[in-house]
């Protein structure tokens, strides 16, 4: 007689009509389900599981590479709403009725849309260094790149000094920023408090085995903005923010909290990847975040 399975650790390929989604389901069968939405776009869930997964044994984790990134494929161009619909499709395929969402960086764009589209499927939302507004990020990139290139007179003023920030087209700002500094160098500068953190992530990425495809991103990615939608969220929500992550702190974090006065926030002495910079603080905070109730 076969004994019932009490612990899962299985990779799956979930086929949609236009995509092949790679998913790993890991953890105790009876544990609360947490769906991890990685950053990017075009990144993967490998490094998060590799670097911190062993510390999350209290949960049944769903590590899903978003279409167009990592080990997942998309046969056509797509909008970000399709990434949110993929979350529902994966939960259906796993026969999971309810889960919590854990979103990092760009994953917040997907998580907020998924939570609003099917709120009955989710218990709560935890966002780690969320990119809630890609136009806001574009402005921060332009400002930092201008200063790094020795062109401070061409840098945009701080967010608070922009009378009509939404009137600025973010795509030319990003093009300008990346003409002054390489995208990788700029993000490395803004996301990592020291080179050792960057090297740990790069070492993890180097061990990942992905298929022969090019990462793709949602259409109009730099125009994506969840800030107007945040007030409609009805899930208990927690933000974990690294104070050394210049892509998020303080502008994005403050803008999000203004629209979610009931959300809880914890600040960490870390950059964009707090599970690398300060795991001793990050893991207990993350665990606690899935137990809290917010107003």
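Every read-out reported here was derived from the displayed coordinates using simple, explicitly stated rules and does not represent laboratory data. Here the structure is a predicted model, which is why all the values come from computation and not from measurement. Cβ coordinates were reconstructed from backbone atoms using ideal geometry, including for glycine residues, and neighbour counts include every protein chain displayed.
Compute the FRET efficiency between residue 234 and residue 269 as 1/(1 + (r/R0)^6), taking r as their Cβ-Cβ distance and R0 = 30 Å, and round to the nearest 0.05. That pair, residue 234 with residue 269, gives E of 0.40.
The distance from the alpha carbon centre of the range 271-287 to that of the range 113-127 is 23 Å, rounded to a whole number. Note on the chain: with a GNM built from Cα contacts shorter than 10 Å, the maximum mean-square fluctuation among 95, 146, 177 falls on 95.
Using 1/(1 + (r/R0)^6) with R0 = 51 angstrom and r between the beta carbons of residue 93 and residue 154, what's the FRET efficiency to the nearest 0.05?
0.55
Once the Cα atoms are used to define both axes, helix 195-207 deviates from the longest principal axis of the chain by about 40 degrees. Of the residues 259, 151, the one with the fewest other Cβ atoms within 10 Å heads the list, and the complete ranking is 151, 259.
Per-peptide packing, taken as the mean over residues of other Cβ atoms within 10 Å, places 36-43, 96-103 in the sequence 36-43, 96-103 from highest down.
When DSSP beta bridges are restricted to pairs lying wholly in the chain, around 45% turn out antiparallel.
Largest GNM mean-square fluctuation across 105, 150, 220, computed for the chain with C-alpha springs under 10 Å, falls on 150. Normalising the average separation of contacting C-alpha pairs (under 8 angstrom, six or more residues apart) by the number of residues puts the relative contact order of the chain at 19 percent. For the chain, a Gaussian network of Cα nodes joined below 10 Å ranks 25, 229, 66 by mean-square fluctuation, and the top entry is 229. Rounded to the nearest 10 degrees, the inclination of helix 134-148 to the longest alpha-carbon principal axis of the chain is 50 degrees.
This structure gives mean projected area of the Cα convex hull in nm², computed directly, and of [x] 26.2; [y] 16.8; [z] 16.1 that value is listed as [z]. Go ahead and collect, in residue order, the members of the range 115-149 whose backbone nitrogen is under 15 Å from a label point 7 Å along the Cα-Cβ direction of residue 81. Backbone N within reach: 115-118. Neighbour counts of other Cβ atoms within 10 Å put 106, 210 in the fewest-to-most order 210, 106. Between the helical axis of 279-289 and the dominant principal axis of the chain, each derived from Cα atoms, what acute angle in degrees is found, rounded to the nearest 10? Compared with the principal axis, the helix lies near 70 degrees.
The alpha carbon convex hull volume per residue for the range 185-269 rounds to 157 Å³.
For the range 134-191, what does the relative contact order come out to in percent, with C-alpha contacts under 8 Å and a separation of six or more?
Details: 46 pairs, mean separation 26.5, N = 58.
The value is 46 percent.
Quick check on the exposure proxy: order 14, 276 from fewest to most C-beta atoms within 10 angstrom. Each step should come with its number before you reach the end.
On the way: 14 17, 276 22.
So the ranking, lowest neighbour count to highest, is 14, 276.
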